[in-house]
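The values are calculated or read from the model by the stated rules, or taken from the named source; none is laboratory data. If you're wondering where the values come from, they're calculated on a predicted model, not measured in any experiment. Backbone-built Cβ (ideal geometry, glycine too); neighbour counts: all protein chains shown.
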């Protein structure tokens, strides 16, 4: 995924760090990178996520919905993996701050306003998953950082980028004095990454319990029926 020349994300104001993987560097995304992150999400996560495939939602999620997910870049928590040779954005950890919802009711109302039935189905599933997890009932924190999406371009897979981006995200949370990091894992690979980071499994959800009718039949064919939610408490640092 190439960052457009007019909105390049690698300049003097956006310092980059070696990724520990030859030929790749990590860098915080800037608002100008939203378009490139949108394309990366559309061409990787929203094309390859097993639950979307099972439900027949690949290629049916509205561009507006994906754009809204990419707009999390504005919070300055997203980390990009950039190929040194081509300056292509090849992967990203899209992170965001989650606050106690006042937003749960607001999110439900927003979902009701979604016109595309396929997008509404996905949004409702994610909303219900968050409600049932209820992180704030488990941890007394004002907010937490969620690793919301790990997206890797097809050509860049197998390099350990998802693990490295997760580690970099946790380091960023520590730097920003966040006290909790969470991640939802829809497959064993991402769950293994969370465990490598010494994250604690706080919830296990059965996917089939969120669906009925034809959708229940569809998700029943998934190779695994679990979503694992992991959390990592970070030490409270003296702000002085």
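Among the residues of segment 65-89, those identified as more than 18 Å from residue 145 (Cβ to Cβ) and under 17 Å from the mean Cα position of the chain (by Cα) are 65, 66, 67, 68, 81, 89. For residue 42, state whether it is under 30 Å from residue 209 (Cα atoms), modelled with pLDDT of 95 or more, under 17 Å from the mean Cα position of the chain (by Cα) and surrounded by fewer than 20 Cβ atoms within 10 Å (Cβ to Cβ). Considered against the rule, which asks whether it is under 30 Å from residue 209 (Cα atoms), modelled with pLDDT of 95 or more, under 17 Å from the mean Cα position of the chain (by Cα) and surrounded by fewer than 20 Cβ atoms within 10 Å (Cβ to Cβ), residue 42 comes out as yes.
Of the residues making up segment 72-100, those that are out of contact with any helix residue (DSSP H, G or I) (no Cβ under 6 Å at 6 or more places or on another chain), more than 16 Å from residue 183 (Cβ to Cβ) and touching a residue at least 24 places away in the same chain (Cβ under 8 Å) are 76, 80, 82, 83, 84, 85, 86, 87, 88, 99. Taking segment 20-34 as the range and being within 17 Å of the chain's Cα centre (by Cα) and part of a strand (DSSP E or B) as the test, the residues that pass are 26, 27, 28.
Might you check whether a residue that is more than 25 Å from residue 151 (Cβ to Cβ), surrounded by fewer than 12 Cβ atoms within 10 Å (Cβ to Cβ) and at pLDDT below 95 occurs anywhere in segment 227-236? Yes: segment 227-236 contains one or more residues that are more than 25 Å from residue 151 (Cβ to Cβ), surrounded by fewer than 12 Cβ atoms within 10 Å (Cβ to Cβ) and at pLDDT below 95.
Set side by side, the residues 190, 148, 169, 164 differ, and just one is closer than 21 Å to residue 81 by Cβ, in contact with a helix residue (DSSP H, G or I) (Cβ under 8 Å, 6 or more places away or on another chain), surrounded by 14 or more Cβ atoms within 10 Å (Cβ to Cβ) and touching a residue at least 60 places away in the same chain (Cβ under 8 Å), which is 148.
Taking segment 51-86 as the search range and keeping residues that are part of a loop (DSSP other than H, G, I, E, B) and in contact with a strand residue (DSSP E or B) (Cβ under 7 Å, 6 or more places away or on another chain), which one is farthest from residue 33 (Cα to Cα)? Step by step, filter segment 51-86, then rank; the result is 84. Of all residues in segment 200-227, those being in contact with a strand residue (DSSP E or B) (Cβ under 6 Å, 6 or more places away or on another chain), part of a strand (DSSP E or B), free of Cβ contacts under 8 Å to residues at least 60 places away in the same chain and within 17 Å of residue 52 (Cα to Cα) number 1. Quick test of your reading of the structure: residue 197 fulfils all but one of (1) at pLDDT 95 or above; (2) under 18 Å from the mean Cα position of the chain (by Cα); (3) closer than 23 Å to residue 53 by Cα. Name the failing condition by number. Residue 197 satisfies all of (1) at pLDDT 95 or above; (2) under 18 Å from the mean Cα position of the chain (by Cα); (3) closer than 23 Å to residue 53 by Cα except (3).
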